[in-house]
Amino acid sequence: MAPGHLSVREMREDEKPLVLEMLKAGVKDTENRVALHALTRPPALLLLAAASSGLRFVLASFALALLLPVFLAVAAMKLGLRARWGSLPPPGGLGGPWVAVRSSGDVCGVLALAPGSNAGDGARVTRLSVSRWHRRRGVGRRLLAFAESRARAWAGGMGEPRARLVVPVAVAAWGVAGMLEGCGYQAEGSWGCMGYTLVREFSKDL
């Protein structure tokens, strides 16, 4: 599907259930890999081992004492990711949420933007997800190009000294990171837990 067959417009209220399902599916695609990455770091392994050792004095089953901390940690991480990225943020100063729509009328991607926390931070992508049936067809790049144009217009209207766009990417989403690097973005920061990166932030001056 050529990018020219796509248009981007604001989401209609009747499209909200479909868009929410798309966001949840996008989170589900990466949450297991993010959980595996986080829980196989040495500090996490030590904490899990300590929790298992403590539970062995309470539970009669060695296997249950071993698996229960892992299950609870994975569940907590999945719930956290879904709460952070699996819902739609309210419309902000940059408008939206926005959807990518094929010429047939099918919604195939979603984008949400927000201003940065401080003056000069530029704009941030808070949601970017493409339907699994439309990936590798230029939808992500089309949404990214639209986000850049919105960030430029917003920066000009606000009198910002520069136009800039920041895109957070889960550590397991190698395809998204590669797309951003191919579009001129550079990794500039990250956040995670226990000193290990779970989300990287890519930015570009526009």
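The values are calculated or read from the model by the stated rules, or taken from the named source; none is laboratory data. Keep in mind it's a predicted model, so treat the numbers as computed, not measured. Cβ placement follows ideal geometry from the backbone for every residue including glycine, while neighbour counts extend to all protein chains displayed. Only protein heavy atoms, including side chains, enter the accessible area calculation; ligands, DNA and RNA are left aside. Shrake-Rupley method; radii C 1.70, N 1.55, O 1.52, S 1.80 Å.
Data table
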| quantity | calculated |
| --- | --- |
| Residue within region 158-171 that is touching a His at 6+ places or on another chain (Cβ under 6 Å), farther than 23 Å from Leu6 by Cβ and of a type outside the set (Lys, Arg) present | yes |
| Candidate set from region 116-137 (those that are open to solvent by 30 Å² or more (accessible area, probe 1.4 Å) and under 15 Å from Asp205 (Cα atoms)); member that is nearest to the chain's Cα centre (by Cα) | Arg124 |
| Condition met for Gly96 (at positive phi, within 18 Å of the chain's Cα centre (by Cα) and open to solvent by less than 50 Å² (accessible area, probe 1.4 Å)) | yes |
| Total residues in region 6-59, condition in contact with a Pro (Cβ under 8 Å, 6 or more places away or on another chain), open to solvent by less than 70 Å² (accessible area, probe 1.4 Å) and not in a helix (DSSP H, G or I) | 1 |
| One residue from Leu144, Leu113 being free of Cβ contacts under 8 Å to residues at least 60 places away in the same chain, open to solvent by less than 20 Å² (accessible area, probe 1.4 Å) and part of a strand (DSSP E or B) | Leu113 |
| Residue in region 80-98 that is modelled with pLDDT under 85, hydroxyl-bearing (Ser, Thr, Tyr) and not in a strand (DSSP E or B) present | yes |
| Pairs, first within 22 Å of Glu31 (Cβ to Cβ) in region 51-75, second of a type in the set (A, V, I, L, M) and not in a helix (DSSP H, G or I), C-beta under 8 Å, six or more apart | Leu68/Leu59 |
